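Structure first, then comments.
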Number of protein chains: 2
Amino acid sequence: MSKEGLLLVISGPSGAGKGTICQGLLKRDESICLSISCTTRQPRTGEQDGVNYFFLKKGDFEKLIEEDQLLEYAQVYDNYYGTPRSYVLDKLQRGEDVILEIDIQGAMQIKQKFPQGVLVFIVPPCLSILRERLTKRGTDSMESIEKRLHSVCEELTHTERYDYLVVNDNLEQALDQVEAIIRAEKSRPYRFDLKKFMKC
Amino acid sequence: MSKEGLLLVISGPSGAGKGTICQGLLKRDESICLSISCTTRQPRTGEQDGVNYFFLKKGDFEKLIEEDQLLEYAQVYDNYYGTPRSYVLDKLQRGEDVILEIDIQGAMQIKQKFPQGVLVFIVPPCLSILRERLTKRGTDSMESIEKRLHSVCEELTHTERYDYLVVNDNLEQALDQVEAIIRAEKSRPYRFDLKKFMKC
């Protein structure tokens, strides 16, 4: 089978534990890495170009859009954010699995431009646990939490556009699940090298 | 996620080790079982109805065909062989994973009648190892082995119709691979119960 890496897109509502899962995957497997996005926003204190983001001028970013050099991008207020195609494809060709943590809109762009990308949606175990997690954070008002829970339910009606849905009830089990998905996806027939099979 | 079992269809050329893999899966996991086919052929000495096969009269088998009660069937010379729909579906509903070891034609019928079925094609590591395995068996002439190898290569050009392709180089690794596939397939979005998520 081909040794090429896998592009894994991770989405999910705030409070589902996407970030913890991504960090857990990085710790478990050295051949997994996070993608670095490019952006036109100003670097914050301590942020480094090529580490946190690739910081670009607006004109340079728009050139990447024109040349179809982004796997997905979005404009948030005055700033652009996007995933550089060549950066990701280089990593994949070197056999690294690349994780992208992005929203549904970004994930759908990826699926269109790079159909081999595998879309995983992380779900909290249930609505009341999500409410509890968001309340414990203490960063949102009750009203904004209820609004968010409503939009989570709305989001979950669109998850059939994802390849997999992982319930994050227990972190280690959720990580096992994502690892099984990566392993399974590496057994897809398009990765089989018939010529090599016949030659050996 | 739904607790319903998974229908796993295993195909592959003679000498790929399908049988060993199926037996290995049964040993590893108690909730996995083999499907029992029905047939119109006569039971051989020691064969038991409901264990090795469901032995049916030709008329009864043809009634099953008419009533669309078979997930797939084939006629081999004067005898019918097929997979009983209700037997498999009952097992799945009880949460058991059901393995079916059948050929490409049967697998394609399954995919049509039961799209949730997962098709796995087992491949030997390479052509020369397959030649070696078949030669060691000593049951075929060199000429018939070469014919078979030719048809394996022909078969392998159709594997893109399978969901997964597992190279059986090392048995334990191949079993891990199939288990990862089962686990991944249980994370498909169609298995997610949104109502349950919202109620709890």
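The values are calculated or read from the model by the stated rules, or taken from the named source; none is laboratory data. Just so you know, these numbers come straight off a predicted model, no measurement behind them. Cβ coordinates were reconstructed from backbone atoms using ideal geometry, including for glycine residues, and neighbour counts include every protein chain displayed.
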Inset, instruction - May I ask you to list pairs of residues, at least six apart or on different chains, whose Cβ atoms are under 6 Å apart, with the first in region A:107-134 being in contact (Cβ under 8 Å) with a residue 24 or more places away in the chain and of a type in the set (S, T, N, Q) and the second being surrounded by 20 or more Cβ atoms within 10 Å (Cβ to Cβ) and not in a helix (DSSP H, G or I)? - result: A:GLN109/A:GLU72
Legend entry - Answer residue from region A:13-33, given it is aliphatic (A, V, I, L, M) and surrounded by 15 or more Cβ atoms within 10 Å (Cβ to Cβ) and is modelled with the lowest pLDDT among those: A:ALA16
Inset, instruction - Answer yes or no as to whether B:ARG148 is surrounded by 12 or more Cβ atoms within 10 Å (Cβ to Cβ), assigned to a helix (DSSP H, G or I) and more than 11 Å from chain A (Cβ to nearest Cβ). - result: yes
Inset, instruction - Tell me, yes or no, whether region B:104-112 has at least one residue that is at pLDDT 95 or above, in contact with a helix residue (DSSP H, G or I) (Cβ under 8 Å, 6 or more places away or on another chain), buried (at least 17 other Cβ atoms within 10 Å of the Cβ) and among the polar types (S, T, N, Q). - result: no
Inset, instruction - Would you point out which residue out of A:ASP29, A:ASP60 is in contact (Cβ under 8 Å) with a residue 24 or more places away in the chain, of a type in the set (Asp, Glu) and at negative phi? - result: A:ASP29
Inset, instruction - For region A:185-195, indicate whether the set of residues that are among the aliphatic types (A, V, I, L, M) and surrounded by 15 or more Cβ atoms within 10 Å (Cβ to Cβ) is non-empty. - result: no
Inset, instruction - Might you check whether a residue that is more than 14 Å from chain A (Cβ to nearest Cβ) and β-branched (Val, Ile, Thr) occurs anywhere in region B:112-133? - result: no
Legend entry - Filtered residues of region A:4-63 (kept if charged (D, E, K, R), in contact with a helix residue (DSSP H, G or I) (Cβ under 7 Å, 6 or more places away or on another chain) and not in a loop (DSSP other than H, G, I, E, B)): A:ARG28
Legend entry - Residue, nearest to B:GLY24 (Cα to Cα), within region B:145-182, restricted to residues that are modelled with pLDDT of 90 or more and among the small types (Gly, Ala, Ser): B:ALA174
Legend entry - Residue that is surrounded by the fewest Cβ atoms within 10 Å (Cβ to Cβ), among those in region A:151-180 that are at the interface with chain B (Cβ under 8 Å from one of its Cβ atoms), part of a helix (DSSP H, G or I) and out of contact with any Leu (no Cβ under 8 Å at 6 or more places or on another chain): A:GLU160
Legend entry - Subset of region A:118-134 (residues that are at pLDDT 90 or above and either more than 27 Å from B:LYS186 (Cα to Cα) or in contact with a Pro (Cβ under 9 Å, 6 or more places away or on another chain) (or both)): A:PHE121, A:ILE122, A:VAL123, A:PRO124
Inset, instruction - Report, by residue number, each residue of region A:191-200 that is facing chain B (nearest Cβ under 7 Å) and either outside any helix (DSSP H, G or I) or in contact (Cβ under 8 Å) with a residue 12 or more places away in the chain (or both). - result: A:PHE192, A:CYS200
Inset, instruction - Would you mind stating whether A:ALA184 is within 9 Å of chain B (Cβ to nearest Cβ) and among the small types (Gly, Ala, Ser)? - result: yes
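Do we have any residue at all in region B:86-93 that's among the acidic types (Asp, Glu) and closer than 25 Å to B:ARG183 by Cβ?
Filtering region B:86-93 down to residues among the acidic types (Asp, Glu) leaves B:90.
Narrowing the set further to residues that are closer than 25 Å to B:ARG183 by Cβ leaves B:90.
Within region B:86-93, one or more residues are among the acidic types (Asp, Glu) and closer than 25 Å to B:ARG183 by Cβ.
Please go through region B:57-85 and pick out each residue that is basic (Lys, Arg) and crowded, with 17+ Cβ neighbours inside 10 Å. Write out each step before concluding.
We begin by selecting, within region B:57-85, every residue basic (Lys, Arg); these are B:57-58, B:63, B:85.
Answer for region B:57-85, where residues must be basic (Lys, Arg) and crowded, with 17+ Cβ neighbours inside 10 Å: just B:ARG85.
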